[in-house]
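One structure is given below, encoded as structure tokens.
The values are calculated or read from the model by the stated rules, or taken from the named source; none is laboratory data. On a predicted model such as this, the values are computed, not experimentally measured, just so you know. Heads up, the Cβs are rebuilt from the backbone with ideal geometry, glycines too, and the neighbour counts pull from every protein chain shown.
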Amino acid sequence: MSHYAIIAPPLYSHVRALEALAQQLLERGHRITFIQQAEARTLLNDARIGFYVVGERSHPPGSLARTLQLTAQPSGPGIFRLINDLAQTTDMLCRDLPAALKKLGVDGLIVDQMEAAGGLVAEALGLPFVSVACALPVNRDETIPLPVMPFNYATDARSKKLYASSTRVYDWLMRPQGEVIARHARALGLGKRRGLHECLSPLAQISQTLPAFDFPRRLPDCFHAVGPLRHAHSAPLAMEAATNPPLVFASLGTLQGHRYRLFQRIAQACRQINVRLLIAHCGGLNASQAAKLAAYGAQVTDFADQPAVLSQAQAVITHGGLNTVMDAIASATPVLAIPLAFDQPGVAARVDYCGIGRRASRFASSHTLADHLTTLLSDNGYRQRLMAMQPQLQQAGGAALAAQIAEQALDAGRPVLAGAA
């Protein structure tokens with residue numbers, strides 16, 4: 001069978017999704033190798049998946065920890081340092097990937113949309129590749145805001161002008177990455193490229209989203225919305241079955257779980273309206289902080305089986321992580337989105353647009369959060385709209401369909417059109 005390389009940013013949620021896809025491809029008889037800086041090896045859990053180290057000189061031990069620290073605090077001057085870090089990783093991969101792919105004898109690539117290097121190098125070497133959107137898709141459509149923007153969907157002239165001007169600001173901020181992409185595209189003989197959206201596969205593009213959870217938009221014929229790329233779930237977490245008082249689950253993901261002050265306001269809000277609260281901080285809080293939150297009446301843990309918890313919760317508070325929202329759709333759990341960075345404002349805007357939850361500022365008071373929760377818990381319309389999305393989620397195909405699409409595109413070297421896999 002074939003040997004596929006996976007190129008992705010060294011971020012936990014991205015690697016988890018692509019590892020689930022890799023496992024499906026392993027079961028179909030293929031060989032899989034992740035290629036990234038050495039420290040990213042620790043993000044993989046499946047020993048059957050190969051790992052090839054690049055960037056040993058430019059990305060020595062400690063590099064990934066610095067990048068993850070910047071990713072956890074993406075505000076103020078830190079956002080510029082983070083953009084520079086991402087650009088340096090793309091630069092390293094563009095330099096080191098050609099030799100690595102030739103040495104490994106790779107037949108095709110699976111490339112995260114957030115890492116331009118994979119598509120650039122694959123195209124230059126004449127290797128087939130597919131693109132995977134682990135976050136909101138970066139595909140451009142001037143009729144909707146970029147996924148990193150918090151704007152509502154609208155079709156009036158003012159909104160279109162806002163979308164265009166915000167896109168120009170984003171492209172200006174991303175200049176370091178754009179310049180790296182442009183320089184390597186020229187060196188590889190690929191012509192003019194500057195953005196992630198210009199480095200996507202013409203064969204197949206796979207997304208974790210659903211059409212029902214998006215704004216009206218144009219997408220290429222080879223775009224496949226397959227829903228979450230997931231491992232098989234473990235046994236449900238043992239919790240009380242009672243729903244009175246209601247249970248609220250709060251998680252800010254693997255990178256933002258250190259935000260004690262925000263968790264504190266969430267705990268205060270839940271105490272104000274007399275609901276149970278389970279907080280999963282993903283290792284971001286210390287024992288003292290966890291104890292202080294417990295004093296507000298919250299149950300606090302590092303990690304929880306999120307799908308199992310959501311099956312028992314009446315609302316979920318999230319940073320706007322796409323994975324959490326997809327789990328909320330699966331369990332019909334109304335969402336309070338408090339976006340913090342990256343595509344989270346776009347996810348929160350879609351939560352609001354689809355009517356499956358509400359969104360709040362990260363600076364919102366506990367009283368404001370309590371008001372939002374009261375509305376979510378008392379208005380059954382949110383749950384009904386979530387339930388209406390479930391058939392599409394159940395039929396999306398997930399990692400199994402994604403593997404079938406990837407295999408078909410990479411082995412045949414021809415576009416796989418939506419609905420044809």
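Structure summary
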read-out	value
Total residues in the stretch 156-174, condition in a helix (DSSP H, G or I) and touching a residue at least 12 places away in the same chain (Cβ under 8 Å)	9
Test result for Asp302, of a type in the set (Asp, Glu) and surrounded by fewer than 22 Cβ atoms within 10 Å (Cβ to Cβ)	yes
Residue in the stretch 72-95 that is modelled with pLDDT of 95 or more and over 21 Å from Arg175 (Cα atoms) present	no
Total residues in the stretch 191-209, condition surrounded by 22 or more Cβ atoms within 10 Å (Cβ to Cβ) and touching a Gly at 6+ places or on another chain (Cβ under 6 Å)	1
All positions within the stretch 170-190 that are surrounded by 13 or more Cβ atoms within 10 Å (Cβ to Cβ) and within 18 Å of Leu125 (Cα to Cα)	Ile181, Ala182, Arg183, His184, Ala185, Leu188, Leu190
Qualifying residue in the stretch 386-396 (condition: in a loop (DSSP other than H, G, I, E, B) and in contact (Cβ under 8 Å) with a residue 60 or more places away in the chain)	yes
Strands (runs of 3 or more DSSP E) completely within the stretch 1-98 that count 2 or more residues being under 18 Å from the mean Cα position of the chain (by Cα) and within 26 Å of Leu127 (Cβ to Cβ)	3-7
Some residue of the stretch 409-419 being in contact with a Cys (Cβ under 7 Å, 6 or more places away or on another chain), surrounded by 19 or more Cβ atoms within 10 Å (Cβ to Cβ) and closer than 26 Å to Ala17 by Cα	yes
Qualifying position, being at pLDDT 95 or above, surrounded by fewer than 14 Cβ atoms within 10 Å (Cβ to Cβ) and either on the phi > 0 side of the Ramachandran plot or not hydroxyl-bearing (Ser, Thr, Tyr) (or both), among Gly346, Gly381	Gly381
Test: residue in the stretch 412-421 that is modelled with pLDDT of 95 or more, closer than 25 Å to Asp107 by Cα and in contact with a strand residue (DSSP E or B) (Cβ under 8 Å, 6 or more places away or on another chain)	yes
Qualifying residue in the stretch 360-379 (condition: outside the structural domain of Ala135 (by TED's automatic domain parsing), without any contact (Cβ under 8 Å) to a residue 40 or more places away in the chain, within 22 Å of the chain's Cα centre (by Cα) and more than 20 Å from His281 (Cβ to Cβ))	yes
Selection status of Leu196, modelled with pLDDT of 95 or more and over 18 Å from the mean Cα position of the chain (by Cα)	no
In the stretch 99-110, the residues that are in a helix (DSSP H, G or I), out of contact with any His (no Cβ under 9 Å at 6 or more places or on another chain) and surrounded by 15 or more Cβ atoms within 10 Å (Cβ to Cβ)	Ala100, Leu101
For Phe51: the one exception among (1) crowded, with 16+ Cβ neighbours inside 10 Å; (2) modelled with pLDDT of 95 or more; (3) under 27 Å from Thr209 (Cα atoms)	(3)
Selected residue (criterion: farthest from Asn323 (Cα to Cα)) from residues of the stretch 113-151 that are assigned to a loop (DSSP other than H, G, I, E, B), of a type in the set (A, V, I, L, M) and in contact (Cβ under 8 Å) with a residue 60 or more places away in the chain	Ile144
Of all residues in the stretch 220-251 being out of contact with any helix residue (DSSP H, G or I) (no Cβ under 7 Å at 6 or more places or on another chain) and modelled with pLDDT of 95 or more, the one that is farthest from Asp141 (Cα to Cα)	Leu247
